[in-house]
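Below you'll find the structure, written out as C-alpha cells, and then a few comments.
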Amino acid sequence: MDDILLRSRTGAVAEMRLNRPASGNALSLELIGRLRQTMDELATDDGIHVIVIASEGHVFSAGHDLKEINRARTGPDGGRAFFERAMEACADMMQALVRCPKPVIASVQGVATAAGCQLVASCDLAVASTAAGFATPGVNIGLFCSTPMVALSRNVGRKPAMEMLLTGETISAERARTLGLVNRVVDPDRLAAATAELAGQIAAKSPATLKIGKEAFYRQLEMPLGEAYAHTASVMVENLLERDSREGIEAFIAKRAPVWQPLQEAAGTNTK
C-alpha cells in the first residue's frame, strides 16, 4: 500500500503531499495523525524554513472520510466516541499549522471541500491552480461545516463565508483569491513552479524573524486595537534585540547578503 503522506525536501523547503487520490485525499483519522506528527517533526528541524502542503491526484482534499464516519455509526454509541476523537484530532492538527514556527503554504491543484477547504484556510498562504475550487458543502448532506467555518471565517468576510456555508456551492480559484482565501492563482502547469518560487522567496528570510512575525500575526488578530499595538510594539523591541535583526540591518547598510542564524540557535539570544 502506498504511503498516505509523502514527504520530500528541496533545500530549506519541505513538502507534505496527501496521497489518498482514490478517496479524494479524504482526511481519515490516520492521515490527520500523520499530518500532525510530521508537522511536529518539521517544526523542530533547523534545516527547514518553509513547509508546503500539496496533494496527489485531481482533488486536493474532499474533507473528512465519510466512509470512515459511516462505519463508526455501527458501534454501540452510534459513533459518538469516534466522532469526538476525529473532530478533536482534526481541530488540533489545524491549530498546529497556525502554531508552527515555519510558514505553511497550501499548493492547491484541485477541489478542496469541507475539511479540505479548512486545511487550505488554516495554512498561512495558498497558491491555487485555475482548476481548483473551494466549497463547504456539508449543508447538502445534512452536516453543517461547523469546524471548517472557524478557519474560513477568519480568512474571508462574514457574508461570503456564510454564503459558502449556507449554499454549499463551489467557488472558483479566482473568486477565492478575490475573497482572500488564496494568495495566487496560476495555470495548472505553473502550480509547482509558482509554489516553489513563493516558498523559496520566504525561505531566504531569517527563520527566527519568520517565527517571531508569524506568532505575533495570529496573536494580535485576537486583540482589541490598543492591545494589538502594545503587543506588537513589545514584539518589535524584542525582535530588535535579536542577533538576526542586527545582522540584517548591518548587511543592508553594507550592501551585502545577510547570514542568518539557525532557528534553534537563535532561540532566546539577543544582541545585548
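Before we move on, is A89 of a type in the set (G, A, S), surrounded by fewer than 19 Cβ atoms within 10 Å (Cβ to Cβ) and not in a strand (DSSP E or B)?
For A89, the condition - of a type in the set (G, A, S), surrounded by fewer than 19 Cβ atoms within 10 Å (Cβ to Cβ) and not in a strand (DSSP E or B) - is met.
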**OP:** Within segment 34-50, work out how many residues are open to solvent by less than 50 Å² (accessible area, probe 1.4 Å) and either in contact with a Cys (Cβ under 7 Å, 6 or more places away or on another chain) or among the hydroxyl-bearing types (S, T, Y) (or both).
**Re:** 3
**OP:** Name the single residue, out of those in segment 35-69 being part of a helix (DSSP H, G or I) and more than 15 Å from the chain's Cα centre (by Cα), that is nearest to M87 (Cα to Cα).
**Re:** I69
**OP:** Output yes when any residue across segment 209-220 is among the charged types (D, E, K, R), in contact (Cβ under 8 Å) with a residue 40 or more places away in the chain and surrounded by fewer than 19 Cβ atoms within 10 Å (Cβ to Cβ), and no when none is.
**Re:** yes
**OP:** Looking only at segment 96-117, count how many residues are within 9 Å of the chain's Cα centre (by Cα) and not hydrophobic (A, V, I, L, M, F, W, C).
**Re:** 1
**OP:** Restrict the check to segment 80-100 and report whether at least one residue is free of Cβ contacts under 8 Å to residues at least 60 places away in the same chain and more than 22 Å from L35 (Cβ to Cβ).
**Re:** yes
Original post:
How many residues, within segment 129-149, are in a strand (DSSP E or B) and without any contact (Cβ under 8 Å) to a residue 60 or more places away in the chain?
Top reply: 3
Original post:
Quick one: S107 ticks every box in (1) at pLDDT 95 or above; (2) surrounded by fewer than 21 Cβ atoms within 10 Å (Cβ to Cβ) bar one, so which box is it?
Top reply: (2)
Subject >> Residue pairs meeting the criteria (Cβ under 7 Å; at least 6 apart or on separate chains; first without any contact (Cβ under 8 Å) to a residue 12 or more places away in the chain and under 18 Å from A91 (Cβ atoms), in segment 150-178; second open to solvent by less than 60 Å² (accessible area, probe 1.4 Å) and not β-branched (V, I, T)) >> reply: S153/A161
Original post:
Just wondering, is there one or more residues in segment 183-191 that are under 29 Å from S8 (Cβ atoms), loosely packed, with under 14 Cβ neighbours inside 10 Å and without any contact (Cβ under 8 Å) to a residue 24 or more places away in the chain?
Top reply: yes
**OP:** Could you check V237 against (1) open to solvent by less than 40 Å² (accessible area, probe 1.4 Å); (2) farther than 25 Å from G116 by Cα and say which number it fails?
**Re:** (1)
Original post:
Checking I141 against (1) touching a Leu at 6+ places or on another chain (Cβ under 9 Å); (2) open to solvent by less than 80 Å² (accessible area, probe 1.4 Å); (3) not small (G, A, S), which test does it fail?
Top reply: (2)
Original post:
Can you tell me which residues in segment 242-264 are over 19 Å from P101 (Cα atoms) and surrounded by 13 or more Cβ atoms within 10 Å (Cβ to Cβ)?
Top reply: R246, E247, G248, A251, P258
Original post:
Do you know which residues across segment 7-33 are free of Cβ contacts under 8 Å to residues at least 40 places away in the same chain, surrounded by fewer than 20 Cβ atoms within 10 Å (Cβ to Cβ) and closer than 15 Å to L119 by Cβ?
Top reply: R17, N19
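The values are calculated or read from the model by the stated rules, or taken from the named source; none is laboratory data. Please read all numbers here as calculations on a predicted model, not as lab measurements. With ideal geometry, Cβ positions are generated from the backbone for all residues, glycine too; neighbour counts draw on all protein chains shown. The area values use the complete protein model at the heavy-atom level, side chains included, leaving out ligands, DNA and RNA. Shrake-Rupley method; radii C 1.70, N 1.55, O 1.52, S 1.80 Å.
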